[in-house]
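One structure is given below, encoded as structure tokens.
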Amino acid sequence: MLAYRHAFHAGNHADVLKHTVLALVLQHMNLKAKGWRYIDTHAGAGGYSLQGDYAKKRGEFEQGIGRLWDRADLPAPLAELVALVRRFNADKGLIQYPGSPAIAQALMRPQDQLRLFELHPTDHKILASYLGEMPGVEVQLGDGYASLKSQLPPPTRRGVLLIDPPYEIKTDYPRVLAALREALERFPECVVLVWLPQLQLIEAAQLPQRLKAAADAGARKGWLHARLTVAQADARGFGLLGSSLFIANPPHTLQGELQAVLPFLAQALAQFDGARSALDRSANA
């Protein structure tokens, strides 16, 4: 797991989906004056150069945020995401891409809190130097899964948890499921976002159904599952075909917002003719 570096993938189609949903959730949280706590179990470096060797090696951002950068017809949530990325670049062009902590920090208010966990020592050092001294922000070198006991529930009883591991080792799949269950046991109203890769692996195929069952048992406000397929597997059956966001206790506005955004993303980010999107919901979402 410590070999994984998100810089290779920053700004790709999966980041676009994840950060669109994250921004929508936090913007909804901001509609009430009471503060919220954002917990990121796999925070990464906080921001990534798109001009560096890592990003240029694969150029994944060109098939993600790069396709949205100059479009004038974006639905409002995507236009707002692009605006956030432009702010991160100080309007100097698409040079850097913000990670989830930077998206959250851009949307937090003085009464809000960020609790950011990262195990990779290099990424932790970068993240700590970027956000570690900001009011309301704590950056820790540690296991984000193990943080839930100390972080949930927050004093204000308003919280957002992002679980976003690299899934490079198969133990991440059961740990994600266990983390969702623990979060909902400790704080049944917590908004939990789980990023999921779309891979031709049995673990990747089974996890969404297991998350739905866990949320059915523990979430007060149901769940949504937003899926985006943009690519085909390679000749050996490998590759990231797309990704999805599983949301437990989604804001009541999120379903309608995603119904408008997901088909647009499928068309805009398509890498083959069969690109598609889907949005599933529980009966009480």
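What the table shows:
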quantity	calculated
In sequence order, calculated HN-Hα J values of the range 178-193 (Karplus, 6.51, -1.76, 1.60; Hz; x Gly/Pro)	5, 5, 4, 4, 5, 4, 6, 5, 6, 8, x, 8, 4, 7, 10, 10
Helix-only CD estimate at 222 nm, as mean residue ellipticity for the chain, using -39500 (n - 2.57) per DSSP H run (n ≥ 4)	-11500 deg cm²/dmol
Cα gyration tensor shape for the range 1-158, rounded if a/c is under 1.5, else prolate or oblate	oblate
Sequence-separation-based contact order of the chain, relative, with Cα cut under 8 Å and 6+ spacing, percent	20 percent
Cleavage-rule hits, GluC sites (Glu not before Pro), the range 128-179, DSSP coil, Cβ neighbours within 10 Å at most 13	E133, E168
In Hz, Karplus ³J(HN,Hα) per residue of the range 268-285 (6.51, -1.76, 1.60; θ = phi - 60°; x = Gly, Pro)	6, 9, 4, 10, 7, 5, x, 4, 7, 9, 7, 9, 9, 9, 7, 5, 10, 6
Loop-located trypsin sites (Lys or Arg not before Pro) in the range 1-51, at most 12 other Cβ atoms within 10 Å (DSSP)	K32, K34
Part-to-part distance (alpha-carbon centres) for the range 213-229 and the range 80-142, which is given in Å	27 Å
P(r) tail fraction, the chain - alpha-carbon pairs more than 34 Å apart, %	11 percent
Share, in percent, of DSSP beta bridges within the range 6-281 that are antiparallel, nearest 5	60 percent
Where only alpha carbons of the range 163-224 are counted, the Rg and the Dmax (Å)	11.3, 33
Cα-Cα over 22 Å, subset of K18/K149; K32/K212; K170/K212; K32/K92	K18/K149; K32/K212; K32/K92
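Throughout, read-outs are computed from the coordinates displayed, never taken from laboratory work. This is a predicted model, so every value here is computed, not measured. No Cβ is skipped: glycine too gets one built from the backbone with ideal geometry, and neighbour counts run over all protein chains shown.
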